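One structure is given here, and the rest of the page talks about it.
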Amino acid sequence: MKLAVVILNWNGKNLLEQFLPSVVAFSGGADIYVADNASTDDSIAFVTANFPSVKVISNKQNFGFAQGYNEALQFVDADIFALVNSDIEVTENWLNPIIDTFQNEPETAIIQPKIRDYKNKEYYEYAGAAGGFIDRYGYPFCRGRIFDTIEKDSGQYDDGCEIFWASGACFFIRSSTYRELAGFDADFFAHQEEIDLCWRAFNKGHRAKYIGSSTVYHVGGATLEQGNPRKTFLNFRNSLLMLTKNLPKSLLFQVIFMRVCLDGIAGIQFLLKGKPAHCLAIVKAHFSFYAKFSGAYKKRAAYQSGKYYRVNSIVYSYFIKKAHTYRGLF
């Protein structure tokens with residue numbers, strides 16, 4: 001089984017200096033690529049001079065995460081794509097449990113390892129933690145992270161289990177599945193495109209899995225910090241686009257209506273916290289969504305799977321029931 005580790009880069013020389021050595025050291029047997037989104041720093045000169053075994057793919061412009069990978073992966077020949085952020089530190093033996101699972105479970109098309117926080121290594125990391133899910137209204141959460149509550153890793157998620165989505169920070173997918181789904185949706189640019197891809201895979205009968213015996217460490221926020229209004233805009237808009245594309249038809253309009261209401265409450269919360277830029281980002285996200293609604297609706301597949309969620313409302317569970325851990329939800 002041929003595996004390719006593909007790192008998307010944009011002006012990330014400092015991150016490549018810090019984290020590429022671990023990928024090279026602990027990825028024996030895999031082909032390693034840096035897919036560059038038209039960087040203006042000397043990222044590529046650094047890779048070429050210091051890591052001659054690493055192959056470089058040069059995109060013509062900064063396509064963002066979604067289209068950036070779509071462009072680059074056209075030039076990668078492998079059975080498995082490992083899409084790895086440039087701010088990921090991998091560990092010894094990180095690939096073997098993943099490869100074993102793909103070999104032994106043909107129905108598994110997407111895999112995520114355990115993602116811990118590089119800056120606080122005893123804790124899970126925000127973007128993915130121990131595998132992702134969404135609630136009835138499309139809000140994402142993880143085993144190990146719900147909203148801003150992040151759990152310490154005490155071995156509670158050392159298992160392997162089926163999940164609904166895998167984090168784009170470290171995302172393994174069969175190349176045949178990636179191509180069947182035509183890759184990420186370029187309209188997303190960045191953020192939640194991996195959830196959309198996993199949902200489309202789910203609707204096609206594929207399965208995503210978390211493997212707790214493989215561990216990586218993620219810095220997080222290296223491209224856009226968590227408090228950046230641009231990230232707020234992309235997350236709110238892209239979540240609505242994802243729902244429009246993937247929800248069962250019987251739920252589509254009632255869920256979208258509920259999300260509009262809940263997003264309005266989120267905007268008010270930002271105002272009360274003295275963060276008007278984030279409130280404005282939500283307003284802009286909705287106008288952008290309305291402009292893109294028709295195009296997103298046309299992308300709907302002929303069939304949407306039935307129940308896609310385990311929790312009706314993560315907002316209600318977290319803020320009203322005070323369930324702040326994944327296990328506390330059930």
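The values are calculated or read from the model by the stated rules, or taken from the named source; none is laboratory data. What you are looking at is a predicted structure, and each value in this text was computed from that prediction instead of being measured. Using ideal geometry, Cβ is built from the backbone for each residue, glycine included, and neighbour counts are taken over all protein chains shown. Calculation scope for accessible area: heavy atoms of the full protein, side chains included, ligands and nucleic acids excluded. Shrake-Rupley method; radii C 1.70, N 1.55, O 1.52, S 1.80 Å.
Just wondering, is there one or more residues in region 53-63 that are out of contact with any Ser or Thr (no Cβ under 9 Å at 6 or more places or on another chain) and part of a helix (DSSP H, G or I)? No, region 53-63 has no match at all. Checked against (1) assigned to a helix (DSSP H, G or I); (2) in contact (Cβ under 8 Å) with a residue 40 or more places away in the chain; (3) more than 23 Å from Asp196 (Cα to Cα), Asp100 passes all but condition (2). All told, Ala130 meets the bar of being touching a Cys at 6+ places or on another chain (Cβ under 8 Å) and either open to solvent by less than 50 Å² (accessible area, probe 1.4 Å) or within 30 Å of Ser313 (Cβ to Cβ) (or both). Pairs are defined by a Cβ separation below 6 Å, a sequence spacing of at least 6 or placement on different chains, a first member in region 22-51 that is within 15 Å of Ser86 (Cβ to Cβ), and a second member that is acidic (Asp, Glu); the pairs so defined are Ser22/Glu89; Ile44/Asp36.
I'd like to know if region 302-312 contains one or more residues that are closer than 23 Å to Ala129 by Cβ and loosely packed, with under 12 Cβ neighbours inside 10 Å. Quick ask: steps written out before the conclusion?
Within region 302-312, the first condition is being closer than 23 Å to Ala129 by Cβ, and the residues that meet it are 307-312.
Still in the list and also loosely packed, with under 12 Cβ neighbours inside 10 Å: 307, 312.
Looking through region 302-312, at least one residue is closer than 23 Å to Ala129 by Cβ and loosely packed, with under 12 Cβ neighbours inside 10 Å.
Which residues, counting only those in region 45-54, are in contact with a helix residue (DSSP H, G or I) (Cβ under 9 Å, 6 or more places away or on another chain) and open to solvent by 50 Å² or more (accessible area, probe 1.4 Å)?
Here is the first cut: in region 45-54, the residues in contact with a helix residue (DSSP H, G or I) (Cβ under 9 Å, 6 or more places away or on another chain) are 45-47, 50-51, 53-54.
Of everything in region 45-54, those that are in contact with a helix residue (DSSP H, G or I) (Cβ under 9 Å, 6 or more places away or on another chain) and open to solvent by 50 Å² or more (accessible area, probe 1.4 Å) turn out to be Ala45, Asn50, Ser53.
Screening Asn120, Asn62, Asn70 for residues that are within 25 Å of Ala35 (Cβ to Cβ), open to solvent by 10 Å² or more (accessible area, probe 1.4 Å) and over 17 Å from the mean Cα position of the chain (by Cα) leaves exactly one candidate, Asn62. Residues that are closer than 25 Å to Glu17 by Cα and of a type in the set (S, T, N, Q) within region 78-129 comprise Asn85, Ser86, Thr91, Asn93, Asn96, Gln112, Asn120, listed in sequence order.
Whether any residue in region 201-224 is surrounded by fewer than 20 Cβ atoms within 10 Å (Cβ to Cβ), touching a His at 6+ places or on another chain (Cβ under 9 Å), under 30 Å from Lys119 (Cβ atoms) and of a type outside the set (Lys, Arg) is what I want to check. Yes, region 201-224 contains a residue that is surrounded by fewer than 20 Cβ atoms within 10 Å (Cβ to Cβ), touching a His at 6+ places or on another chain (Cβ under 9 Å), under 30 Å from Lys119 (Cβ atoms) and of a type outside the set (Lys, Arg).
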